[in-house]
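Let me begin by presenting the structure, written as structure tokens, before commenting on it.
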Amino acid sequence: MTDVALRPWSAVDLDLLRRNNAPELMEHLGGPESEAKLLARHARYLRGWEDGSSRMFAIVTPEHPEGVGAIGFWPRDEGGRELFEVGWAVQAAFQGRGYARAALAQVIAEAHRVDPARAIAAYPRVDNDPSNALCRRAGFVLEGVEEFEFPKGTWLPSNVWVLPAPAPGTA
């Protein structure tokens, strides 16, 4: 497996967030964000670790300790069903090397450690073939398609992928 580690998001990761704001990475998320929105997102990622509201990580390798992408999870209530939502981005220059797959496996394990009874969901746009394939390979089950608003004012169809919580005693 690819030599990938997850590093908890820290103040040094603002430059990583800026690199992840590239048009090719943001095309399924409404396009690149302004500097003000990036700074607000960075502050949310840091605050998530402080207050327990989310866990964002830099995806790092021995060759790229500055990070090749980001991944994380946060609680989501989907009509009374408590889930963790997971999201990720791997920079274009590093795609196709198994980094996202390795990072997703690690973040799934971390989410199960935090709450083993909670399912995990991902909501890639229906036309985001790489992210949909990653969900399928990771064992997520496609539950359907829903319209999601992200960013605010942009409604697009997204697949609803859910990884059921492990059976008790198997996590």
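The values are calculated or read from the model by the stated rules, or taken from the named source; none is laboratory data. Only a predicted model underlies this, so the values are computations on that prediction, with no experimental measurement involved. No Cβ is skipped: glycine too gets one built from the backbone with ideal geometry, and neighbour counts run over all protein chains shown. Please note that ligands, DNA and RNA were not included when accessible areas were found on the heavy atoms of the full protein model with its side chains. Shrake-Rupley method; radii C 1.70, N 1.55, O 1.52, S 1.80 Å.
Of the heavy-atom accessible surface of the range 15-117 (probe 1.4 angstrom), what whole percent is carbon and sulfur?
Summing carbon and sulfur atoms, their accessible area is 54 percent of the total for the range 15-117.
What does the charge count around Ala111 come to, taking other residues whose C-beta lies under 11 Å from its C-beta (Lys +1, Arg +1, Asp -1, Glu -1)?
Residues near Ala111 contribute 0 overall.
Taking 0.36 nm per intervening residue step and subtracting the Cα-Cα distance, what contour gain separates Ala92 from Met26 on full extension?
Numbers: separation 66, 0.36 × 66 = 23.76 nm, distance 1.09 nm.
That pair, Ala92 and Met26, stretches by 22.7 nm at full extension.
Looking at (i) 9, 32, 33, 19, 5, 2, 0; (ii) 9, 36, 39, 15, 1; (iii) 10, 39, 41, 10, 0, which value of P(r) over Cα pairs in 10 Å bins from 0, in percent comes from a calculation on the structure shown?
It is the one labelled (iii).
So what is the relative contact order for the chain, in percent, with contacts set as C-alpha pairs under 8 Å and at least six apart? Write down the numbers at each step before the final one.
Numbers: 286 pairs, mean separation 33.6, N = 171.
Relative contact order, the chain: 20 percent.
Most mobile of Pro62, Pro116, Pro75 per a Gaussian network model of the chain (Cα springs, under 10 Å)?
Pro62
Between Ala92, Ala103, Ala11, which gets the highest mean-square fluctuation from a Gaussian network model of the chain, Cα cutoff 10 Å?
Ala11
Label the range 73-163 by shape, choosing from rounded, prolate and oblate, from the square roots a ≥ b ≥ c of the eigenvalues of the Cα gyration tensor; if a/c is under 1.5 it is rounded, and otherwise prolate applies when a/b is larger than b/c, oblate when it is not.
Oblate is the answer for the range 73-163, as a/c is 1.5 or above yet b/c matches or exceeds a/b.
For the chain, set up a GNM with springs between Cα atoms under 10 Å and report which of Gly79, Gly139, Gly69 has the largest fluctuation.
Gly79
Would you mind getting the accessible area per residue of the chain, heavy atoms of the protein chains only, 1.4 Å probe, in Å²?
Averaged over the residues of the chain, the accessible area is 52 Å².
Between Asp77 and Glu35, what length comes free when the chain is fully extended (0.36 nm per residue of separation minus the Cα-Cα distance, one decimal in nm)?
12.2 nm
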